[in-house]
Amino acid sequence: SRGRGRMGRVWLAARGLAGVLLLGLASCAAAQSASDLVQNRIHGDSIWNTKSIIDEDVRRAVFMERYGAWPDPKMLEQEHESYSKRMAERTEMVMATSGSQQRWDEWMFLAQARIMPTFTRRQWDVVPAPKEIHDRLLKRFHDMLPMVTRETMRSELSGVHGPIPADFFPQEELNYEVLHALKPLFEEWAGVDLEPTSVYGVRVYRNGSTLKDHLDVLETHVISGILHVASDLDAPFPLQIEDSTGALASNDLNPGEIMFYESAKCFHQRSIPMQGRYYASVFLHYRPVGWNMTRDTVRTAIPPFWADGLHERGGSSRSAEALDSEEVPVQVEFRNNWHKKVNLFWSQPNDHVLERVAEISPREAGSINTFVGHRFVAQDDSGAELNQWRIRLEHGASGRGGAGGE
């Protein structure tokens, strides 16, 4: 079923916002050029360092001070009973995962969902987009469809999977005109003043595509919308979203419709593989004016027991090589004895992509929580490599190990 209510259509018609928005798109460039709108975009990954570090003992102390237990009784007081039950089921599934990085990532989503405030009754709705806006997007889509290229965002970031990668074509100036023109519509739905942050699209799903269950970026994707531009399908390709009761709603959008949703709060996915030729949408994102919540807040909300069971490896007789091949959590200290600052980069085993995780000043040290087998590289400001290490366990006669680099 489409799972939608009539609330959005009622207030849209009652306030006559559609007519206002028709003028809004045309006058948007007069007030501010389209290129200026693009330059003013904001994305959470530019605000918060995705690989910033925190000492685990410090993190646990902050958790105990702020929450004391998981779930925090204050969360349970505010949540619908069925939502709390669904989050308990998700917690059980997360704790059953054996990979440390996967478990941590899923805990980040779980904690984010529970500490995020709620802005609307059920956290999603569907309304028609203003016709002029959809007509412009649709014309651009048909002009660009023969020239689309593969989406460059990696699947582990986009969440899109399938036998045929998703396609993409850019239209940043048009997208940001639309984002600003639609702001009153999103503000009316959310009930708060909003700041436009970013737009993504046009993404074109292909036959067999699915979208992984996830939440959106906390810093900038608080109130979001999917504007469905065009599709050629043999069967519905719905977005499933968990609402404030923990129920899973299924929304099969028609071209020219917008789905509002609290995308950093509500888990959403497309679990049914697409059947057809294409499905194209633009993704619009806003945040409340004055919004300052970041992933720092989320990671201090993860309970100390998140890693329980990851250390259980089945005895001390296992070889160093076997232990080094598994994700054993360790804490490593890096000390900079050089006279200049050092940039520290990290990568997972068998991955040559380096991600910057820390900057260590001269004669200073930094502790990092990581895992056996992960690699670190030190570089100066010019990018020249100074040293590199792979984290391994050092084993003594007792069979107990410590962390070392090589």
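The values are calculated or read from the model by the stated rules, or taken from the named source; none is laboratory data. All figures in this text were calculated on a predicted structure; none of them were measured in a lab. Every residue, glycine as well, gets a Cβ built from its backbone with ideal geometry; the counts of neighbours run over all protein chains shown. Note: areas computed on protein heavy atoms with side chains; ligands, DNA, RNA excluded. Shrake-Rupley method; radii C 1.70, N 1.55, O 1.52, S 1.80 Å.
Data table
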{"item": "Cα-based shape type of segment 329-391, given that a ≥ b ≥ c are square roots of the gyration tensor eigenvalues and the cut on a/c is 1.5", "result": "oblate"}
{"item": "Per-residue SASA entry for SER155, accessible area with 1.4 Å probe, Å² rounded to 10", "result": "50"}
{"item": "Modelled FRET efficiency - R0 45 Å, ARG277 with THR297, Cβ distances, 0.05 increments", "result": "0.60"}
{"item": "Point-to-point label distance, GLU132-VAL377, nm (Cα→Cβ direction, 7 Å offset)", "result": "5.1"}
{"item": "LYS212 - accessible surface, heavy atoms, 1.4 Å probe, Å² rounded to 10", "result": "120"}
{"item": "Relative contact order [Cα under 8 Å, 6+ residues apart], segment 329-391, whole percent", "result": "38"}
{"item": "Mean separation of Cα contacts under 8 Å, 6 or more apart, over the residue count of segment 46-200: relative contact order %", "result": "15"}
{"item": "Accessible area, probe 1.4 Å, largest first, for residues MET153, MET116, MET64", "result": "MET64, MET153, MET116"}
{"item": "Neighbour net charge for VAL192 - beta-carbon separation under 13 angstrom, K R +1, D E -1", "result": "-3"}
{"item": "Cα-based reach from LYS74 at 18 Å (exclusive), listing lysines while leaving out same-chain residues under 8 positions away", "result": "LYS85, LYS265"}
{"item": "Relative contact order of segment 43-307, defined on C-alpha pairs under 8 angstrom at six or more residues apart (%)", "result": "29"}
{"item": "Residues whose placed amide H lies under 5 Å from that of VAL160, excluding near-sequence neighbours", "result": "LYS212"}
{"item": "Hz values of 3J(HN,Hα) by residue in segment 160-165 - Karplus curve (6.51, -1.76, 1.60), Gly and Pro given as x", "result": "8, 9, x, x, 10, x"}
{"item": "Lysines with Cα under 23 Å of LYS131, excluding same-chain neighbours fewer than 8 positions away", "result": "LYS139, LYS183"}
{"item": "Portion, in percent, of the accessible area of segment 155-270 that falls on carbon or sulfur, probe 1.4 Å", "result": "50"}
{"item": "Segments 78-84, 361-367 sorted - mean Cβ within 10 Å per residue, highest first", "result": "78-84, 361-367"}
{"item": "Hits among lysines - C-alpha to C-alpha of LYS340 under 25 Å, sequence gap 8 or more where chains match", "result": "LYS51"}
{"item": "Hydrodynamic radius of segment 43-307 per Kirkwood, over alpha carbon pairs, in Å", "result": "19.4"}
